[in-house]
Amino acid sequence: MRHLLLCGAALLLGTSALQADPKETPFNIMVGEASWLTDAETIAKAMDHESGLRIMPVLGRGSVQAVQDIQTFPTLDAALVTSDSLTYVKAQSLMDPNETPLTYISAVKQLPIVLISTRNIPNLTALAGKRIATGTADSASFASGELLMGAMEVPFLRVPAAQEGAVDALLAGQADAAFFVGLPSNIGKLNKNFRVLSLVLPKELSTTYQAAKLSSSDLPNLIPANAPVDTVGTELVLAASPAATSKDHMKALKAFTFELFRQGADNNTMLRADVPGWTRDGTAANLVKTMTANAAPDNPTITPTGATP
């Protein structure tokens, strides 16, 4: 399995993965969705060869599937997933409650949940019985759609198209609406024939999502100036494998976490951010305490004395 993961990383990042120092430890990060490959590549470029690690991003089959995979395969060290994917996996009993709980190292960025419909659909209620592109059952947008529409008690027909594919489905008339997690690269194709629907944070999901707003700067073709739209947001998180039982695995996870926090000290807002519904990995939690203790108001840096792996 580890051989397959390394081959997958080589395909993603080119021949550089084939030039790894045999003395380095491969650190495998499953990337839940293709749209997050850039985030994984940024991490890999910054941290490759640091602390004796070789960072190996591997493309997964969706955020929901990645949550399950990292729980199952000990050769996976971390995964980029949305925080609400864990809520969905638990709600659907797709995770063994007796397994070691999944933890997170850090939040990476905030992702708005965007619900776009055809212009003739004025609100969420009017979506009852309509076709909504939420992606396949292993995707981040599927989890978001199921959780939010379920909380609103609005039944709908699922269209297995996500992100860029969902934009195409709207334009082709194959869907009446679509859920997006973040903004797909081709969303600028949508015009005045479509609208952004407001999403109010359901009380029962207040520990999964946070209230957010979308403005014309986010979607100039769909939102007029000075007319922001309410929505909800999730977090893209770097989840840690709970199967870190071997000494080598624990050492690699600790080294990776230390290096991530050391290099990200100038952007510690996301590093220190709590993610509702998640428990932070122990090493990361200790580094957050160190950052908080050592940060001056005008110089929020990290000097993690004693935390070096």
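The values are calculated or read from the model by the stated rules, or taken from the named source; none is laboratory data. This is a predicted model, so every value here is computed, not measured. Backbone-built Cβ (ideal geometry, glycine too); neighbour counts: all protein chains shown.
The table below lists the values:
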read-out: Residue tally, condition at pLDDT below 90 and hydrophobic (A, V, I, L, M, F, W, C), over the stretch 222-251; value: 3
read-out: Ile29 being modelled with pLDDT under 95, touching a strand residue (DSSP E or B) at 6+ places or on another chain (Cβ under 7 Å) and closer than 30 Å to Leu147 by Cβ; value: no
read-out: Selected residue [buried (at least 23 other Cβ atoms within 10 Å of the Cβ), modelled with pLDDT of 95 or more and either in the same structural domain as Thr136 (by TED's automatic domain parsing) or assigned to a strand (DSSP E or B) (or both)] from Leu111, Leu80; value: Leu80
read-out: Tabulated pairs, the stretch 69-86, first under 15 Å from Asp248 (Cα atoms) and hydrophobic (A, V, I, L, M, F, W, C), second at pLDDT below 90 and crowded, with 24+ Cβ neighbours inside 10 Å, C-beta under 6 angstrom, 6+ apart or interchain; value: Leu76/Ser241
read-out: Pairs with Cβ under 8 Å, 6+ apart, first in the stretch 223-243 and without any contact (Cβ under 8 Å) to a residue 24 or more places away in the chain and surrounded by fewer than 21 Cβ atoms within 10 Å (Cβ to Cβ), second not in a loop (DSSP other than H, G, I, E, B) and not aliphatic (A, V, I, L, M); value: Pro228/Lys213
read-out: Positions within the stretch 215-256 being of a type in the set (A, V, I, L, M, F, W, C) and in a loop (DSSP other than H, G, I, E, B), in sequence order; value: Leu219, Leu222, Ile223, Ala225, Ala227, Ala243, Ala244
read-out: Restricting the stretch 115-162 to residues that are of a type in the set (Ser, Thr, Tyr) and in a helix (DSSP H, G or I), the residue that is nearest to Thr234 (Cα to Cα); value: Ser144
read-out: Selected residue (criterion: surrounded by the fewest Cβ atoms within 10 Å (Cβ to Cβ)) from residues of the stretch 145-189 that are over 22 Å from Ser83 (Cβ atoms) and among the polar types (S, T, N, Q); value: Ser185
read-out: Hey, Lys192 out of contact with any Ser or Thr (no Cβ under 9 Å at 6 or more places or on another chain) and either buried (at least 16 other Cβ atoms within 10 Å of the Cβ) or closer than 21 Å to Val232 by Cα (or both) or not; value: no
read-out: Matching residues in the stretch 193-230 - criterion: being touching a Lys or Arg at 6+ places or on another chain (Cβ under 7 Å) and closer than 26 Å to Ala91 by Cβ; value: Asp230
